[in-house]
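*Asks:* The following block contains the structure, expressed as structure tokens.
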Amino acid sequence: MVNANITNKMRNLRDAYSSALIELGSKNEDVVVLDADLSLSTKTKRFGTVFPDRFFDMGIAEANMMGVAAGLAACGKIVFASTFAVFATGRSYDAIRQSIAYPELNVKIVATHAGISVGGDGASHQMLEDIALMRALPNMTVIAPADATEMEDVVPAIAEHSGPCYVRIGRADAPIIFETHGEFKIGRGLVLRDGSDVAIIATGTMTAEALKAYDLLKKEGIEACIVHMPTIKPIDKKLARKVAGKTGRIITCEEHTIIGGLGDAVSMAIAEKPVPMRRIGVNDVFGESGEARQLMEKYGLTAENMAKVAKEMIKKY
Amino acid sequence: MHDKALIKDLKRKALEIRKWVIESVYRAGSGHPGGSLSIADVMACLYFHEMRHNPKDPKWPDRDRLVLSKGHAAPALYAALALAGYFPVEELKNLRKIGHFLQGHPCMKKVPGVDMSTGSLGHGLSVAVGMALAGKLDGKDYRVFVILGDGEVQEGQIWEAANSASHYKLDNIIAILDRNGLQIDGPTEEIMHVEPIAWRWQAFGWDVIEIDGHDIEEILDTFHEIKMNEKPTIIIANTIKGKGVSFMEGTLSFHGKPPSEEQYKKAMSELEQEERELNG
């Protein structure tokens with residue numbers, strides 16, 4: 001079991017991204033960073049200030065940015081390409097497919113502003129299908145870190161990994177749940193709480209909500225197993241199967257459409273020996289404007305909803 | 001002025017490329033002969049004179065790169081690579097065949113000498129921008145050649161890439177536009193106009209040179225004249241689709257269709273006749 005706790009400390013994953021990038025850039029001269037006119041929001045601008053020669057703003061032309069990233073990678077660079085998730089994956093899909101995933105080039109797409117918690121900008125900017133799009137591509141690794149600590153581990157890990165990666169983080173500040181570094185490993189899920197009544201498998205910042213759900217359920221005498229799945233592809237099949245066998249009930253939770261994301265990955269992993277499953281996510285609809293917290297509540301992306309679903313499942317199965 | 005022997009040799013190479021285009025597409029039973037034949041002369045000039053490359057070391061970091069953005073002209077690229085020594089020419093007979101490495105469109109992971117996987121139109125110039133930026137970053141003097149189709153420039157991403165190439169002053173990019181005038185559905189100007197083509201590239205900050213894309217001497221002179229003046233260059237190569245095979249020239253029907261057995265024999269005999277005249 002890995003030590004993880006809900007703390008009062010909030011930290012933005014984008015800040016963690018830029019700090020980790022700068023540290024990586026100071027150690028490795030092959031690291032090149034691209035952005036598409038959102039470098040103040042994605043925070044890659046900070047890398048550009050420290051390493052102006054290795055930072056290129058490609059303007060509002062995301063598909064071109066992905067192709068340029070591929071060309072740099074084909075010449076030996078480790079390329080980080082950042083913009084909002086909606087542009088990074090939706091607008092650029094064919095460029096990623098043809099020029100990055102198919103030739104298996106060393107491009108790290110780090111997308112920010114993923115999910116409904118983008119808030120006020122509304123559905124046009126709330127990317128909810130990015131995991132599905134990227135997960136469907138051969139050669140692509142897909143990662144959604146839980147907090148700033150983990151994000152700082154993800155950046156060097158994907159730089160070390162040879163091949164395309166997609167990392168999605170949100171816009172909002174998120175509670176720190178890992179107080180120490182070093183737990184993240186590509187493809188490895190982490191058991192954060194042990195229990196045998198139900199397993200809650202979460203990814204991204206939903207993992208913090210899952211930890212809260214554990215406490216809510218515990219008060220009612222229910223022991224939940226809480227799993228953090230930072231890598232959605234390749235999914236930790238062994239762990240998914242293990243907790244399925246142990247609890248007999250699985251809930252997945254992601255700030256993403258229920259189609260094609262973590263829920264699908266987990267259900268595929270346990271399909272040979274299935275147990276009842278519920279998938280918490282955005283239910284095949286577009287989002288809307290609102291405050292981040294209000295939206296998370298309206299669309300059921302909360303600890304309270306996880307606990308409710310868990311109780312329903314325990315009653316039913 | 002170039003050496004007469006060199007011109008003759010490159011003409012011979014272009015004919016060999018054409019013969020292999022016909023041979024490989026015929027054997028494959030599918031593929032794109034028209035747009036492969038139109039760039040055969042440019043391809044011969046690049047791989048047998050202009051480009052700095054080493055078939056024994058396909059990944060040589062200092063090599064000039066070639067991105068075949070109009071990836072459907074793969075048969076011409078494969079023929080040039082095989083004739084240059086990247087892999088045995090006999091492999092050209094296995095184009096598009098399961099279990100063999102010559103994919104229908106260029107695949108850099110499988111084919112030695114292919115610098116970028118292409119096929120979906122509109123992507124290659126962006127990749128060339130990335131390769132050119134890497135060259136500048138590393139202080140290397142290699143150049144990045146990229147071959148574009150004239151229908152291909154209807155893709156919006158081409159213009160995103162064109163804009164970024166001039167913004168970053170990438171004078172190490174040399175694009176060649178295969179202006180054969182035809183795309184699958186018809187003449188470019190009827191389907192979706194691309195003219196005034198030279199003016200459009202000039203407006204995006206490029207140096208533009210217009211040439212006869214089948215005149216070996218003019219192609220060589222043009223490469224020779226390109227200056228490193230902080231601007232990317234595009235050569236608009238006026239070509240004939242299907243060039244070299246009488247019944248394919250200027251026609252739409254051989255864009256993406258292989259020749260029949262009878263057509264194959266006729267095409268090969270025409271090209272062999274031309275070879276005899278050249279050697280004569």
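The values are calculated or read from the model by the stated rules, or taken from the named source; none is laboratory data. Remember, predicted model here, so these are calculated numbers, not experimental data. With ideal geometry, Cβ positions are generated from the backbone for all residues, glycine too; neighbour counts draw on all protein chains shown.
*Asks:* Inspect region A:241-255 for any residue being under 24 Å from residue A:116 (Cα atoms), at pLDDT 95 or above and outside any strand (DSSP E or B) and give the result as yes or no. Show your work before the answer.
*Replies:* Within region A:241-255, the subset under 24 Å from residue A:116 (Cα atoms) is A:250-255.
Imposing the further condition that a residue be at pLDDT 95 or above reduces the set to A:250-255.
After this cut, where a residue has to be outside any strand (DSSP E or B) as well, the list is none.
The answer is no, given that none of the residues of region A:241-255 is under 24 Å from residue A:116 (Cα atoms), at pLDDT 95 or above and outside any strand (DSSP E or B).
*Asks:* Ok, one more. Could you run through region A:15-44 and say how many residues are part of a loop (DSSP other than H, G, I, E, B) and aromatic (Phe, Trp, Tyr)? First the steps, then the outcome.
*Replies:* In the first step, residues of region A:15-44 are kept if they are part of a loop (DSSP other than H, G, I, E, B); the result is A:28-30, A:36-38, A:43-44.
Going one step further and asking which of them are aromatic (Phe, Trp, Tyr), we end up with none.
Qualifying residue count for the region: 0.
*Asks:* Only one of (1) within 24 Å of residue B:227 (Cβ to Cβ); (2) buried (at least 20 other Cβ atoms within 10 Å of the Cβ); (3) out of contact with any strand residue (DSSP E or B) (no Cβ under 8 Å at 6 or more places or on another chain) is not met by residue B:165, so which one is it?
*Replies:* (3)
*Asks:* Going through A:12, A:106, A:28 one at a time, which residue ends up being surrounded by fewer than 24 Cβ atoms within 10 Å (Cβ to Cβ), within 13 Å of chain B (Cβ to nearest Cβ) and in contact (Cβ under 8 Å) with a residue 40 or more places away in the chain? Don't jump to the end; show me each part of the working.
*Replies:* Numbers: A:12 fails: within 13 Å of chain B (Cβ to nearest Cβ); A:28 fails: within 13 Å of chain B (Cβ to nearest Cβ).
Being surrounded by fewer than 24 Cβ atoms within 10 Å (Cβ to Cβ), within 13 Å of chain B (Cβ to nearest Cβ) and in contact (Cβ under 8 Å) with a residue 40 or more places away in the chain holds for just one of A:12, A:106, A:28, which is A:106.
*Asks:* How many residues are in contact (Cβ under 8 Å) with a residue 60 or more places away in the chain and in a helix (DSSP H, G or I) when one looks only at region A:264-283?
*Replies:* 3
*Asks:* Being within 26 Å of residue A:296 (Cβ to Cβ) and either under 22 Å from the mean Cα position of the chain (by Cα) or surrounded by fewer than 23 Cβ atoms within 10 Å (Cβ to Cβ) (or both) narrows it down to one residue among A:63, A:144, A:69, A:101; which is it? Working first, answer last.
*Replies:* Values: A:63 fails: within 26 Å of residue A:296 (Cβ to Cβ); A:69 fails: within 26 Å of residue A:296 (Cβ to Cβ); A:101 fails: within 26 Å of residue A:296 (Cβ to Cβ).
Being within 26 Å of residue A:296 (Cβ to Cβ) and either under 22 Å from the mean Cα position of the chain (by Cα) or surrounded by fewer than 23 Cβ atoms within 10 Å (Cβ to Cβ) (or both) holds for just one of A:63, A:144, A:69, A:101, which is A:144.
*Asks:* Which residue is surrounded by the most Cβ atoms within 10 Å (Cβ to Cβ), if the candidates are limited to region B:69-117 and must be more than 14 Å from chain A (Cβ to nearest Cβ) and of a type in the set (Lys, Arg)?
*Replies:* The extreme case among them is B:96.
*Asks:* Go through (1) out of contact with any helix residue (DSSP H, G or I) (no Cβ under 9 Å at 6 or more places or on another chain); (2) within 21 Å of residue B:160 (Cα to Cα); (3) touching a residue at least 12 places away in the same chain (Cβ under 8 Å) one by one and return the number of the condition residue B:226 breaks.
*Replies:* Unmet condition: (2).
*Asks:* If you don't mind, another one. When you scan region B:237-250, do you find a residue that is assigned to a helix (DSSP H, G or I) and not β-branched (Val, Ile, Thr), even just one?
*Replies:* Taking region B:237-250 as the starting set, the residues that turn out to be assigned to a helix (DSSP H, G or I) are none.
No, region B:237-250 has no match at all.
*Asks:* For region B:198-208, enumerate the residues that are within 14 Å of chain A (Cβ to nearest Cβ) and buried (at least 18 other Cβ atoms within 10 Å of the Cβ). Please lay out each step first, then the result.
*Replies:* Keep residues of region B:198-208 that are within 14 Å of chain A (Cβ to nearest Cβ), which gives B:204-205.
Scanning region B:198-208 gives a single hit, B:204.
Residue by residue, here is whether (1) of a type in the set (Asp, Glu); (2) facing chain A (nearest Cβ under 10 Å); (3) assigned to a strand (DSSP E or B); (4) crowded, with 24+ Cβ neighbours inside 10 Å holds:
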{"residue": "B:119", "(1), (2), (3), (4)": "no, yes, no, no"}
{"residue": "B:129", "(1), (2), (3), (4)": "no, yes, no, yes"}
{"residue": "B:134", "(1), (2), (3), (4)": "no, yes, no, yes"}
{"residue": "B:140", "(1), (2), (3), (4)": "no, yes, no, no"}
{"residue": "B:148", "(1), (2), (3), (4)": "no, no, yes, yes"}
{"residue": "B:169", "(1), (2), (3), (4)": "no, no, no, no"}
{"residue": "B:176", "(1), (2), (3), (4)": "no, no, yes, yes"}
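*Asks:* Can you pull out the residues in region A:45-59 that are surrounded by fewer than 24 Cβ atoms within 10 Å (Cβ to Cβ), outside any helix (DSSP H, G or I) and not charged (D, E, K, R)? Give the derivation first.
*Replies:* If we filter region A:45-59 for residues that are surrounded by fewer than 24 Cβ atoms within 10 Å (Cβ to Cβ), which is where we start, we get A:45-46, A:48-55, A:57, A:59.
Retained after the next criterion (residues that are outside any helix (DSSP H, G or I)): A:51, A:55, A:57, A:59.
A:51, A:55, A:59, listed by residue number.
*Asks:* Here's a follow-up. If you scan region B:178-197, which residues turn out to be surrounded by fewer than 16 Cβ atoms within 10 Å (Cβ to Cβ) and part of a helix (DSSP H, G or I)?
*Replies:* Keep residues of region B:178-197 that are surrounded by fewer than 16 Cβ atoms within 10 Å (Cβ to Cβ), which gives B:184-187, B:189-193, B:195-196.
Across region B:178-197, the qualifying residues are B:189, B:190, B:191.
*Asks:* Let me ask something additional. What number of residues in region B:224-246 are under 12 Å from residue B:207 (Cα atoms) and among the β-branched types (Val, Ile, Thr)?
*Replies:* Of region B:224-246, the ones under 12 Å from residue B:207 (Cα atoms) are B:225-236.
Checking which are among the β-branched types (Val, Ile, Thr) leaves us with B:226, B:233-236.
The qualifying residues number 5.
*Asks:* Okay, moving on. Could you list, in sequence order, the residues of region B:198-236 that are in contact with a Lys or Arg (Cβ under 7 Å, 6 or more places away or on another chain), more than 22 Å from residue B:142 (Cβ to Cβ) and not in a loop (DSSP other than H, G, I, E, B)?
*Replies:* If the condition is that a residue be in contact with a Lys or Arg (Cβ under 7 Å, 6 or more places away or on another chain), more than 22 Å from residue B:142 (Cβ to Cβ) and not in a loop (DSSP other than H, G, I, E, B), then B:216, B:236 are the ones that fit.
*Asks:* On to the next question. Would you pick out the residues in region B:212-246 that are among the acidic types (Asp, Glu), modelled with pLDDT of 95 or more and more than 30 Å from residue B:265 (Cβ to Cβ)?
*Replies:* Our first condition is that a residue be among the acidic types (Asp, Glu); within region B:212-246, this holds for B:212, B:215, B:217-218, B:221, B:225, B:230.
Subsequent filtering for residues that are modelled with pLDDT of 95 or more retains B:212, B:215, B:217-218, B:221, B:230.
Listed by number, the residues that qualify are B:217, B:218, B:221, B:230.
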